[in-house]
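Here's the structure we're looking at; comments come further down.
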Amino acid sequence: MKKRRYPGGKAGFGVYQTIINIMPPHETYIETHLGEGAILRKKRLAVQNYGIDIDPLLVQKWINSTPEKTKIIQGDAVKFLDGFSFTGKELVYCDPPYLKETRKTGRIYRYEYTREQHIDLLDCIVTLPCKVIISGYFSKLYSEKLSSWNVQTFQAQTSGGIPATEYLWFNFEKPLFLHDPQYIGKDYRERERIKKKASRWVNRFESLPMLEKQAIMAQLEKSGVFEKNSFLL
Ligand SMILES: C[S@@+](CC[C@H](N)C(=O)[O-])C[C@H]1O[C@@H](n2cnc3c(N)ncnc32)[C@H](O)[C@@H]1O
C-alpha cells in the first residue's frame, strides 16, 4: 500500500531535491517543525543534527528511526532557537504550518500556527547569526519581514494534489558548493545525466592500476584543485 504523505511534507518528487540543492556546507543542521522530516532524512547528515516538533505523538514515532548524530526534541521551535548557543556554522531549516490565509485547505496538523506565532518565528529567524532557510506559500507578511532575503520558487502539489507554488526564503547567497551535491540538476533528466556521468568517472578511475590512481590523485593534489574547490567544510 502506498504510504500517505504527511501534509506539507517535503518528500515529494522534485521537492526535497530543490531544497537540498540550496543548502550551503554546515556543521550543525537544525530542522524545526520537523513533521516526518523529509529533508533531514534525505540530506547528508551534518556533524550534529537536531529535529524539533511540538507534537509529542509525532516525536514518539521517531524513537526507533532517529538517524545517527541526531537529537529529536519535542518542543516549540522559537523557544528552541532562542535558547540555542549558535557558533555561526549552523544551517536552520524551518517548515512551519502554512499561514492560514495562504491555504487551500483548513486545519491539517494537531498543532497549528497562529498569525502571531508566524510573526514571532519570523522575528526570531531574522536575528539568528547563521544560515537560515524557511519555506511556505507566498504571503505579504513573509515577503515584508524577509524583504532582504533571497527567494526561490518551485512547483509542488498540495496534499490534495492541487498544483501550488512553494517559496523558499534564505538569508545567504546561493552557494557555489553544496553541503550535499547528490541531487544536483534542475529536473529528473538532468539529475540522472549527472549521476550517470559521476558513476562513469568513478568506474573508470576504479579500473585503473593502483599506481596510476595514485599518480592521478597526486596530480590533483599538486594542482591545488582540492584547496581551490573547498568542497567540504
Ligand atoms: C509543514 S509541517 C512540516 C512537514 C515536514 N517538513 C515534513 O517533511 O514532513 C509543520 C509541522 O510543524 C509542527 N509545529 C506546529 N507548531 C509548532 C511549534 N510551535 N514548534 C515546533 N513545531 C511545530 C507541526 O506539528 C507539523 O509537524
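Look through Ile19, Ile52 and report the one residue that is within 12 Å of the ligand (Cβ to nearest atom), under 13 Å from Tyr93 (Cβ atoms), touching a residue at least 40 places away in the same chain (Cβ under 8 Å) and in the same structural domain as Phe86 (by TED's automatic domain parsing).
Working: Ile52 fails: touching a residue at least 40 places away in the same chain (Cβ under 8 Å).
After applying the criteria, what remains is Ile19.
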Next on the checklist: Whether any residue in region 121-133 is of a type in the set (D, E, K, R), farther than 16 Å from Thr32 by Cβ, in the same structural domain as Ile20 (by TED's automatic domain parsing) and within 16 Å of the ligand (Cβ to nearest atom) is what I want to check.
Outcome noted: no
Item to check | Residue check for Pro96: away from the ligand (no atom under 13 Å from the Cβ), of a type outside the set (Phe, Trp, Tyr) and assigned to a loop (DSSP other than H, G, I, E, B) | outcome: no
Item to check | Any hit, region 161-170, residues being within 30 Å of Leu121 (Cα to Cα), polar (S, T, N, Q) and surrounded by 12 or more Cβ atoms within 10 Å (Cβ to Cβ) | outcome: no
Checklist entry - Out of all the residues in region 78-91, is one or more within 11 Å of the ligand (Cβ to nearest atom) and among the β-branched types (Val, Ile, Thr)? => result yes
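So that you can scan it fast, the table gives a plain yes or no per residue for (1) surrounded by 12 or more Cβ atoms within 10 Å (Cβ to Cβ); (2) among the acidic types (Asp, Glu); (3) free of Cβ contacts under 8 Å to residues at least 60 places away in the same chain:
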| site | (1), (2), (3) |
| --- | --- |
| Gly136 | yes, no, yes |
| Val151 | yes, no, yes |
| Phe154 | yes, no, no |
| Ser159 | yes, no, no |
| Phe172 | yes, no, no |
| Leu176 | no, no, yes |
| Gln182 | yes, no, no |
| Met210 | no, no, yes |
| Lys222 | no, no, yes |
Next on the checklist: Looking for something within 21 Å of Gly35 (Cβ to Cβ), surrounded by 15 or more Cβ atoms within 10 Å (Cβ to Cβ) and modelled with pLDDT of 95 or more - is there at least one such residue anywhere in region 108-119?
Outcome noted: yes
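Would you check if Leu168 is of a type in the set (A, V, I, L, M) and either modelled with pLDDT of 95 or more or more than 18 Å from the chain's Cα centre (by Cα) (or both)? If you could, list the steps in order and put the result at the bottom.
On the way: of a type in the set (A, V, I, L, M): yes; either modelled with pLDDT of 95 or more or more than 18 Å from the chain's Cα centre (by Cα) (or both): yes.
Yes.
Taking region 67-110 on its own, how many of its residues are among the polar types (S, T, N, Q) and free of Cβ contacts under 8 Å to residues at least 12 places away in the same chain?
Residues that pass the stated criteria total 1.
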Checklist entry - Any chance region 10-18 includes a residue that's buried (at least 21 other Cβ atoms within 10 Å of the Cβ) and of a type in the set (Phe, Trp, Tyr)? => result no
Item to check | Residue ID - modelled with the lowest pLDDT, chosen from residues in region 85-102 that are over 19 Å from the mean Cα position of the chain (by Cα) and surrounded by 15 or more Cβ atoms within 10 Å (Cβ to Cβ) | outcome: Thr102
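The values are calculated or read from the model by the stated rules, or taken from the named source; none is laboratory data. All values derive from a computational prediction rather than experimental measurement. We place every Cβ from the backbone using ideal geometry, glycine too, and count neighbours over all the protein chains shown.
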